[in-house]
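Here's the structure, in structure tokens; my notes come after.
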Amino acid sequence: MGKKLLLGVNIDHIATLRQARLEKFPSVIRAAKACEQAGAGQITVHLREDRRHIQDKDVFELKKILSGKLNLEMACYDEIVNVACRLRPHQATLVPEKRMELTTEGGLDVIKNFKVVSGTVERLQKKKITVSLFIDPDLEQVEMALRTGAEFIELHTGSFANAASKAAVKKETGKLIDASVFANALGLGVNAGHGIDYNNIKSILDVPHLHELNIGFSIIAEAVFIGLDKAVKKMIKLMKQYKG
């Protein structure tokens, strides 16, 4: 029997739909409950500086009603760090953030931003928040992530997801495997996310030492056709093939 892999469902796009009309629905609270009931072990939301989807009110309501973990994706902005320190989510995942991006475009450059990142890690950990750093599968970034004191890294799987050929997929999967093996040897927990869907997840399951996958867009997109409950269960069924 393989290692159990935790699914974190990112529900940002439920809020994106709501904010498109500035309505009170669809409800992120209802979505989160549905995901948990379907077997998700974690709910992930990104509180952006521009508040384009998830709002402050959402994260505090989620913290109150969730049975499982709340993972708050966030940039190292003082305003957002202050919210996180009040909220005290189970986990905070530090990500890069640009105003004009459609979605996160790459991993956090821990080497370039070491002082800011390590300071943010320290502030969050003082509030008993587990910290994960969203980074590209680069060994130097992994090593620098360890130096910040963070407990986890989340490997950015965007380049893998965008690989257009079998050779490219193999190359990007190899990078993820190497980074995960190295991180595990250093004592870091390893998560992964970005662009993972029902078709490419098979190759992701070749990456050892993974603790959780954070998946959003593909699940919400599938839910349009089959419902959120079935979409979550469909992904979990595929994840059960993980050997660890």
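Side notes on the structure shown:
- Theoretical FRET efficiency, 1/(1+(r/R0)^6), r = Cβ-Cβ of Asp50 and Glu23, R0 22 Å, to 0.05: 0.70
- Each Lys and Arg Cβ is given +1 and each Asp and Glu Cβ -1; about its Cα centre, the chain then shows a dipole of about 840 debye.
- Each Cα pair under 8 Å and six or more residues apart adds its separation to the average, and for the range 6-239 the resulting relative contact order is 19 percent.
- With the convex hull drawn over the C-alpha atoms of the range 7-113, the volume per residue is 106 Å³.
- Of the residues Gln37, Thr148, Leu238, the one whose Cα sits farthest towards the positive end of the charge dipole of the chain is Gln37 (charges of +1 on Lys and Arg Cβ, -1 on Asp and Glu Cβ, taken about the Cα centre).
- Cα-Cα over 30 Å, subset of Lys33/Lys166; Lys33/Lys115; Lys4/Lys57; Lys24/Lys233; Lys63/Lys171; Lys69/Lys243: Lys33/Lys166; Lys33/Lys115; Lys4/Lys57; Lys63/Lys171
- Extension reserve of the Ile226-Lys127 stretch, reckoned as 0.36 nm per residue once the Cα distance is removed: 31.7 nm
- Rounded to the nearest 20 debye, the dipole magnitude of the range 56-166 is 540 debye, with +1 charges on Lys and Arg beta carbons, -1 on Asp and Glu beta carbons, and the Cα centre as origin.
- A Förster radius of 35 Å, combined with the Cβ-Cβ distance separating Arg30 from Asp206, puts the computed FRET efficiency at roughly 0.50.
- Of the DSSP H helices in the chain, those that are both long (alpha-carbon extent of 20 Å or more along the helix axis) and hydrophobic (Kyte-Doolittle mean at least -1.0) are 166-186.
- Choice from Lys126, Lys57, Lys175 showing the highest fluctuation, given a GNM over the chain with Cα pairs closer than 10 Å: Lys57
- Across the range 143-198, Cα-Cα pairs more than 12 Å apart make up 66 percent of the total.
- Percentage of interatomic Cα-Cα distances in the range 135-244 larger than 23 Å: 29
- Residue-span extension gain [Tyr77 to Lys112] - 0.36 nm each, minus C-alpha spacing: 11.0 nm
- Length gained when the stretch Val181-Phe60 is fully extended (0.36 nm per residue, less Cα-Cα span): 40.0 nm
- Against the compact-protein benchmark of 2.2 N^0.38 Å, the Cα-based radius of gyration of the chain scales to 0.95.
- Computed packing ranks the peptides 108-121, 19-32 as 108-121, 19-32, most packed first, by mean other Cβ atoms within 10 Å.
- Structure-based [θ]222 nm, the chain - -39500 (n - 2.57) summed over DSSP H runs of at least 4, per residue, nearest 500: -14000 deg cm²/dmol
Since every read-out is calculated from the coordinates, none of them should be taken as a lab result. Computed from a predicted model, the values in this text were never measured in an experiment. Counting neighbours? That spans all protein chains shown, and the Cβs are built from the backbone with ideal geometry, glycine included.
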